[in-house]
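All remarks here apply to the structure that follows.
The values are calculated or read from the model by the stated rules, or taken from the named source; none is laboratory data. Nothing here was measured: the structure is a model prediction, and the numbers come from that model. We place every Cβ from the backbone using ideal geometry, glycine too, and count neighbours over all the protein chains shown. For the accessible areas, the whole protein counts, side chains as well, though only heavy atoms, and no ligand, DNA or RNA atoms are used. Shrake-Rupley method; radii C 1.70, N 1.55, O 1.52, S 1.80 Å.
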Amino acid sequence: IPPHACRQEMNLKKNERTPLIEPSSPNNSMRKPTLPDPGNHNDRYQWNIFKAVLVSATSSVLSGYDQGVIAAAMLTMGPDLRLSMAEEEVSIGILNLAAAIGGVLAGPMADRLGRRLSLAVANFLFLLGSAALAACQGFALLMGGRVIMGVGVGVALVVAPLYTAELVPPKRRGGLVALCDVSTNAGILLGYGSGLALFGVTEGWRAMFLLGALPAALLMACLPAVPESPRWLVSRSQVEAARGVLTQLSPTAEHAEEQLEQIITAQEQDADDSNWKDVFFPQDSITRRMLFTGLGVAFFSQATGTEAAVYYTPTILKSAGFHDDKSILLATMGVGTCKVAALIVATLFFDRSGRKPMLLLSAAGLVVAYLIEATSALFFAPTADGPSAVGTGLSVGGLCLYMSAFSLGFSPLTYVVCTEVFPSNVRAKAMSVALFITRALAGAVSMSFETLVFTLTPAGVWLSFAVVSCGAMAFVATYLPETKGLSLEEVRSVFAAHMDGRGLGHQGCPHLGSSRHTRLAAPSQRSRRGPTSSEDWGDDLAAEKNPIHSVESAGAVGGASGGHSPTSGLV
């Protein structure tokens with residue numbers, strides 16, 4: 001087909017397209033957002049995004065359910081299978097180790113098989129592990145089922161946020177990727193809820209595991225209906241397939257073409273094939289800084305004592321007067337509900353306030369919470385007459401504050417930041433490393449907590465975690481630029497400017513606003529439309545007139561600033 005004929009056809013389609021919002025309508029800005037209607041031509045691309053996010057979030061719910069159901073099931077499963085205390089501890093704790101292994105496998109799997117098929121593998125493992133646990137008659141099959149399920153959890157924790165980040169529009173990416181963490185915690189609550197619903201039922205724990213198998217089978221059947229990641233398709237030289245996916249996910253063909261051009265330009269700068277050496281020993285300073293920042297955020301998300309506070313929850317509740325298993329489970333659900341509620345509220349601000357302010361607020365809240373716990377342990381410790389009312393109140397209040405502070409930032413934003421700052425050619429493998437770090441630290445902290453308390457005293461443990469939280473604040477303030485509202489391909493340029501010392505984040509950076517480079521529109525400068533426009537889903541159509549400058553210019557900036565890199569490698 002002659003080139004001029006293609007251009008005429010594209011212009012004709014553009015002219016025939018009905019605008020998403022009539023500009024003459026005076027009340028468009030007051031309309032309330034609604035769910036996309038798959039029957040509406042203009043809403044079809046939103047519906048495609050909605051389906052993909054729903055599948056990813058549901059996989060995260062199953063991941064959380066598999067983590068939480070064991071706590072409820074073990075109350076009756078332990079006596080039924082005559083498990084020893086050591087066997088119960090191992091069968092519960094093995095999930096973190098298996099999830100770490102699954103996370104390492106998930107990166108290469110996502111690169112080789114694609115994001116969508118990797119989610120299918122995770123759900124298949126959920127299905128297989130649930131069936132094994134429901135049928136187990138002893139410790140051996142119980143361990144086998146937990147290992148299988150743990151590997152599935154690790155794969156889902158890596159692939160679900162990765163898949164979401166590569167599909168959703170930039171201005172909604174923070175909240176939608178954080179939805180994976182909200183879904184995981186909601187799944188944990190559902191696991192507790194199934195325990196309450198089946199509490200007292202003979203061998204009811206088998207039904208608890210079977211409940212997790214049914215949604216996994218349904219998701220496997222639904223996955224063919226959702227699109228594959230266009231960034232993965234481009235990495236596999238399937239440009240036409242990527243164009244088709246972007247057309248499904250974009251309001252106009254021109255917008256899809258611009259996105260495709262950005263993805264191709266960014267990936268041409270990266271190596272055609274990546275390996276683990278590119279993750280641990282990157283060649284250029286910008287990539288080093290991006291990896292160092294993402295992995296650092298992952299490290300501090302668990303080094304601040306997440307698992308310790310969770311591990312200590314039953315002890316705090318017992319000191320508050322909860323003694324029987326059902327009341328402890330019910331109270332734990334109450335604390336978990338507060339955590340999920342805080343997560344839901346926090347997701348409303350990720351794409352408004354940005355990642356960096358929320359992480360700093362989260363770390364500051366953790367410091368205060370740990371100081372409250374340390375005060376309770378130092379001055380209001382239980383005596384022979386029983387627990388102090390003030391001490392119990394401080395302990396429970398500190399725990400609730402911890403859960404809320406963690407939910408404001410480090411809990412949901414860890415994987416949001418990682419998916420945004422890791423370069424495209426090593427994103428999946430780097431996500432695997434990030435998950436391995438979080439799961440390995442979670443296992444180490446949970447298994448050594450009693451030893452730490454015995455060695456350092458409870459107050460010493462809480463004060464130690466407060467110091468680590470201060471370190472997390474310093475790390476985020478120093479190394480993390482703001483990435484809200486940027487496409488994944490634009491983040492590299494922000495890091496280049498940040499390393500050059502002339503800007504913190506993408507707003508106001510001379511490199512991104514200089515006349516020598518094509519400007520990136522800051523979120524405050526981009527077009528404002530009513531809630532029912534495509535901006536509801538983050539499709540910044542103003543970007544069509546403000547495409548990202550080529551990554552070659554970002555490389556030039558990084559080259560000039562290479563001497564500012566804090567390390568010569570990640571080790």
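Structure above, values below:
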quantity	calculated
Residues that are over 21 Å from residue 96 (Cα atoms) and exposed (fewer than 13 other Cβ atoms within 10 Å of the Cβ), drawn from segment 446-466	454, 455
Tally of residues being over 16 Å from the mean Cα position of the chain (by Cα) and open to solvent by 10 Å² or more (accessible area, probe 1.4 Å) across segment 401-422	3
Within segment 108-117, considering residues that are closer than 19 Å to residue 58 by Cβ and open to solvent by less than 50 Å² (accessible area, probe 1.4 Å), the one farthest from the chain's Cα centre (by Cα)	114
Qualifying residue in segment 318-330 (condition: of a type outside the set (Val, Ile, Thr), modelled with pLDDT of 75 or more and either touching a strand residue (DSSP E or B) at 6+ places or on another chain (Cβ under 7 Å) or assigned to a helix (DSSP H, G or I) (or both))	yes
Exclusive hit being more than 23 Å from residue 56 (Cβ to Cβ) and open to solvent by 10 Å² or more (accessible area, probe 1.4 Å), set 140, 120	140
Pairs with Cβ under 7 Å, 6+ apart, first in segment 449-461 and part of a helix (DSSP H, G or I), second open to solvent by 20 Å² or more (accessible area, probe 1.4 Å)	449/311; 456/464; 458/377; 459/377; 459/378; 461/452; 461/453
Scan of segment 75-95 for residues that are under 21 Å from residue 202 (Cα atoms), in a helix (DSSP H, G or I) and not small (Gly, Ala, Ser), ordered by number	75, 76, 77, 79, 80, 81, 88
Criterion: part of a loop (DSSP other than H, G, I, E, B), at pLDDT below 85 and closer than 30 Å to residue 178 by Cα - qualifying residue of 37, 43	37
Any chance residue 376 is free of Cβ contacts under 8 Å to residues at least 24 places away in the same chain, of a type in the set (Ser, Thr, Tyr) and in contact with a Gly (Cβ under 6 Å, 6 or more places away or on another chain)	yes
Verdict on residue 400 being at pLDDT below 85 and out of contact with any Pro (no Cβ under 7 Å at 6 or more places or on another chain)	yes
Residue among 155, 121, 182, 147 that alone is on the phi < 0 side of the Ramachandran plot and touching a Leu at 6+ places or on another chain (Cβ under 6 Å)	182
Answer residue from segment 423-435, given it is open to solvent by 10 Å² or more (accessible area, probe 1.4 Å) and under 14 Å from residue 157 (Cα atoms) and is modelled with the lowest pLDDT among those	429
Meets criteria (surrounded by fewer than 23 Cβ atoms within 10 Å (Cβ to Cβ), touching a residue at least 12 places away in the same chain (Cβ under 8 Å) and in a helix (DSSP H, G or I)) for residue 145	yes
Residues of segment 465-481 that turn out to be free of Cβ contacts under 8 Å to residues at least 60 places away in the same chain and of a type outside the set (Val, Ile, Thr), as a count	1
Sole residue being hydrophobic (A, V, I, L, M, F, W, C), at pLDDT below 80, surrounded by 11 or more Cβ atoms within 10 Å (Cβ to Cβ) and in a helix (DSSP H, G or I), chosen from 100, 72	72
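Each row is one residue, and each column tells you yes or no for (1) modelled with pLDDT under 85; (2) buried (at least 20 other Cβ atoms within 10 Å of the Cβ); (3) hydroxyl-bearing (Ser, Thr, Tyr).
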position	(1), (2), (3)
66	yes, yes, no
88	yes, no, no
106	no, yes, no
135	no, no, no
